[in-house]
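Below is one structure, written out as structure tokens; the observations come after it.
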Amino acid sequence: MKIGEEVVVLPSEDPVFFDLSWRYKLADAAIRQKTRSALPSGLRKDPVISLWSRFLRDPSKVSRAARLKCEQVFLWRNSQIAALLEPLLMCDCGFETIAADLGGLDPALVAFYANSFFAVRTEAGEVRPVHLLRARFDEELRTANPEELPVILKRSALVGGRALLMCSWNVQRSQAGTDNTKSDPDTIKALVQNELMQRVVQGRVPTRDLVRIEQLQVARERLEFETRPPEYEDEARKVMLRILSLIVPPKAPPPPVDEDAYNSGLHARLQAEKNIAAQKIEDRGPAAGAVALSESIRQAVGEA
């Protein structure tokens, strides 16, 4: 949707790559146009867009509670709260659970922030399908700095949900104040494996999923084997040859050969083959076989 010079992509226009803060952007663009008709009537009735429109137009004209609500969630953007709040909004849990995880925030403020600046949830407050979230954030997370805290937490939320996200967050908190204040994809992988193992032990992973996990593991190992660098193969080959040289027994020496006896036997065999080829011996095998067959038939007919 285009309002003046501002272009805002709505979820109805692109369900994957829409503007996460589309409600706030629409209200801001409409205020800068200085006309209520800049927005369709259906969007003007949206409670979030309506509140932001009134607040941005004149904060003194809204109630004190509404003004504090807008000011507070606006300050959450690009803050430590948003670093954990946004990944939690990507998990399948309610606003009450998210508010409790963040130390007892107001669930209404959490919902208002989600609708205003991080619209990864539907109108009913449910998380959008995970395949849409992956399509939306995979490229963004792949190109971002993997050691930044928001990137680590969002990747954890996409891979393992709230359980893995909180595990990653606890790791970050435990590393605070130490030299190792950053994490990397290997840490995320270890956390994923730990969370998966806990679910397997607790019986929360169906058998068909276990088979699928095993297939993926085999496929990953095969891919790593086939794509390993040539120098790795050379080093592995050298190590293997070195090990074999240490454990293989020495070759036994060949037996002594009497050259005179060997040459004498060779000449005798060649002479015997020459004598056989020179003899004129008629092969009576087929004829004898035909006579014997005829005699057998004659005897059989006579007995009958």
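Taken together, the values in this text are just the output of simple stated rules run on the coordinates, not laboratory data. Note that the structure is predicted; figures quoted are calculated from it, not measured. In this analysis, Cβ positions are derived from the backbone assuming ideal geometry, glycine residues included, and neighbour counts consider all displayed protein chains.
So here's what we get for this one:
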read-out	value
Calculated SAXS-style log₁₀ I(q)/I(0) at q = 0.11, 0.14, 0.16, 0.21 Å⁻¹ - region 44-141, Debye, Cα scatterers	-0.35, -0.56, -0.72, -1.12
Cα lying deepest toward the dipole's positive end in region 1-147, options Ala29, Ala135, Asn115, charges on Cβ	Ala29
Per DSSP, loop GluC sites (Glu not before Pro) in region 26-128 with at most 13 further Cβ within 10 Å	Glu123, Glu126
For Ser245, Ser168, order by how many other beta-carbon atoms lie within 10 Å, fewest first	Ser245, Ser168
Label-reachable residues, region 43-77, where backbone N falls under 16 Å from a point 7 Å from Glu13's Cα toward its Cβ	43-44
C-alpha center-to-center spacing [region 120-139, region 40-59] in angstrom	24
Largest-first ellipsoid semi-axes for region 1-57, taking √(5λ) over the Cα gyration tensor eigenvalues, angstrom	18, 12, 10
10 Å binning of all Cα-Cα separations within region 96-137, expressed as whole percents from 0 upward	28, 49, 23, 0
FRET efficiency for Glu5 and Glu235, using Cβ-Cβ distance with R0 set to 51 Å, rounded to 0.05	0.30
